[in-house]
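Here's the structure, in structure tokens; my notes come after.
The values are calculated or read from the model by the stated rules, or taken from the named source; none is laboratory data. From a predicted model like this one, the values you see are computed outputs, not experimental measurements. For neighbour counting, all protein chains shown are included, and Cβ atoms are generated from backbone atoms with ideal geometry for every residue, glycine included.
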Amino acid sequence: MAWSADISVQRTSPQSVLVGVHHEFINDHSFTVDVSWIDFSAFRLSEFYFDGNALAENDTNYDDVYAVSVSYTWPVSARCFSRSASPRGICRAT
């Protein structure tokens, strides 16, 4: 008994673009902005085909994802910094 079947798998991964800018000022303050986009509208889960017939249809549609993050950091003292994006500051050992 011989098995011969044409099995294929198709998938589409989302493309993405991530851009970020960080600037540190002379007074030790810093500012960061990040912007990202993920193309989930073109994303497809893996689809399996057996002899040209789909084992399961996937008609799920996803929306694109957009995100923006902003952070501002400033020195609280000569040792410690506080961050607007973090509930705790960061202290350097002296």
Report summary line: Flagged in segment 50-73 as modelled with pLDDT under 75 and either in contact with a Phe, Trp or Tyr (Cβ under 8 Å, 6 or more places away or on another chain) or surrounded by 14 or more Cβ atoms within 10 Å (Cβ to Cβ) (or both), in numbering order, are Ala54, Leu55, Ala56
Requested in this report: Answer with yes or no whether Ser46 is in contact with a strand residue (DSSP E or B) (Cβ under 9 Å, 6 or more places away or on another chain), under 16 Å from Arg11 (Cα atoms), modelled with pLDDT under 70 and in a strand (DSSP E or B).
Outcome: yes
Query - Odd one out for Ala93 among (1) closer than 23 Å to His23 by Cα; (2) at pLDDT below 65; (3) not basic (Lys, Arg) - result: (1)
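Looking for something over 14 Å from the mean Cα position of the chain (by Cα), closer than 14 Å to Arg11 by Cβ and at pLDDT below 85 - is there at least one such residue anywhere in segment 28-42?
Yes, segment 28-42 contains at least one residue that is over 14 Å from the mean Cα position of the chain (by Cα), closer than 14 Å to Arg11 by Cβ and at pLDDT below 85.
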